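The values are calculated or read from the model by the stated rules, or taken from the named source; none is laboratory data. The shown structure was predicted, so the numbers you read here are calculated from the model rather than taken from an experiment. Neighbour counts run over all protein chains shown; Cβ positions are idealised from the backbone, glycine included.
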């Protein structure tokens, strides 16, 4: 079986769980005997585009002619069984769905965010959840609030893209909803149950975990929706050292906040930006992982990594987070009071949940479990 995997990679200077998952999934498919044909673009390449390509860049979310030409050639030459789309923006465009269908190739898309409806894909604006564009034929609020990259012009382009491609998204042959919450989002958009398969992501097995370490690890993009501010406000409700050590790994606009609190308190350490192996090492020296997202985070890779390494999680009760944690940790409302109250008990219980976390991973998020589910989706769409 041949599968084209189409993905626009996010910028490398910011951590992206979606990039990680796409890379891991391609490797897992190849290990299972699937011929993977990567069709990738990277936002890192935008500065090096030719002058002509930069002229067309503003319309790329809508059409991306260069990508369509290259994809059409790949489809003609390789005659794949399925195209599996992840992120199409900005250099691929949802038009790849139409290009695939024009060549008789069915399309699967994994839904990592809410981009069918929301311009930035987060349902999050100005520090709070926002659903103003839900149910609207045209996302005018996104333009009003400059939701896409803080730009009126870019927000207008994305709002236009969402309107133009409403029929495109409804024509996708099969959606992979990472949780039931995403399945509900798709149904609300008009996608039928027959087009939806609920299947989580997987991360590779790091092997049996060591005994629990100490303290709490936050490892994510340092942006407001990831909840670092919430975590630090709750942590500072307790005397220095009362909860053990809080380690923070990541890069982003809230880095000055992480550095400031680390300078103020002996029990907070900012580790800086780290690659996956660095995060894994920090994770294994910790007792628990914090995922204090204040948006409806779909399926945070940080939780999968934590469970794979036998580390329980304390997270907010938003999006897919409670589903991921299940009995391997704590899902807490996203308020400072609730987190300040939950942290002591959670950290005390963490060493007793190592085996529970590891079992949760093995039963639900191991590649042997998840990859076979994905291949079943492909097989059901394969042309006779």
Being buried (at least 21 other Cβ atoms within 10 Å of the Cβ) and touching a strand residue (DSSP E or B) at 6+ places or on another chain (Cβ under 9 Å) is the filter; apply it to the range 4-17 and report the residue that is nearest to residue 384 (Cα to Cα). 4
Among the candidates 186, 162, 178, single out the residue that is under 30 Å from residue 232 (Cβ atoms) and either at pLDDT 95 or above or out of contact with any helix residue (DSSP H, G or I) (no Cβ under 7 Å at 6 or more places or on another chain) (or both). 178
Among the residues of the range 343-358, write down those that are without any contact (Cβ under 8 Å) to a residue 60 or more places away in the chain and either outside the structural domain of residue 310 (by TED's automatic domain parsing) or in contact with a strand residue (DSSP E or B) (Cβ under 6 Å, 6 or more places away or on another chain) (or both). 346
Output the number of the condition that residue 222 fails; it satisfies all remaining conditions of (1) in a loop (DSSP other than H, G, I, E, B); (2) in the same structural domain as residue 319 (by TED's automatic domain parsing); (3) more than 22 Å from residue 299 (Cα to Cα). (3)
Given 78, 18, 25, 30, which one is at pLDDT below 95, within 29 Å of residue 369 (Cβ to Cβ) and not assigned by TED's automatic domain parsing to the domain that holds residue 291? 18
Given the conditions (1) buried (at least 21 other Cβ atoms within 10 Å of the Cβ); (2) closer than 30 Å to residue 219 by Cα, which single one is not true for residue 71? (2)
Search result, residues across the range 242-277 that are outside any loop (DSSP other than H, G, I, E, B), under 19 Å from residue 12 (Cβ atoms) and in contact (Cβ under 8 Å) with a residue 12 or more places away in the chain: 249, 255, 271, 272, 276
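Conditions tested, residue by residue: (1) touching a helix residue (DSSP H, G or I) at 6+ places or on another chain (Cβ under 6 Å); (2) surrounded by fewer than 16 Cβ atoms within 10 Å (Cβ to Cβ); (3) at pLDDT 95 or above; (4) part of a loop (DSSP other than H, G, I, E, B).
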position	(1), (2), (3), (4)
279	no, no, no, no
299	no, no, no, yes
314	yes, no, yes, no
331	yes, no, yes, no
346	no, no, yes, no
361	yes, no, yes, no
380	no, yes, yes, no
Against the condition touching a residue at least 24 places away in the same chain (Cβ under 8 Å) and within 20 Å of residue 182 (Cβ to Cβ), how does residue 124 come out, does it pass? yes
Let me spell it out: the conditions are (1) more than 22 Å from residue 120 (Cα to Cα); (2) out of contact with any helix residue (DSSP H, G or I) (no Cβ under 6 Å at 6 or more places or on another chain); (3) surrounded by fewer than 21 Cβ atoms within 10 Å (Cβ to Cβ), and residue 255 meets all of them except one. Which number is the exception? (1)
Odd one out for residue 212, checked against (1) crowded, with 18+ Cβ neighbours inside 10 Å; (2) farther than 15 Å from residue 306 by Cβ; (3) touching a helix residue (DSSP H, G or I) at 6+ places or on another chain (Cβ under 7 Å): (2)
Subset of the range 64-99 (residues that are in a helix (DSSP H, G or I), closer than 16 Å to residue 116 by Cα and touching a strand residue (DSSP E or B) at 6+ places or on another chain (Cβ under 8 Å)): 96, 97
Of the residues 375, 303, which is outside the structural domain of residue 231 (by TED's automatic domain parsing) and at pLDDT 95 or above? 375
Any hit, the range 102-124, residues being in contact with a helix residue (DSSP H, G or I) (Cβ under 7 Å, 6 or more places away or on another chain), closer than 14 Å to residue 7 by Cβ, assigned to a helix (DSSP H, G or I) and modelled with pLDDT of 95 or more: no
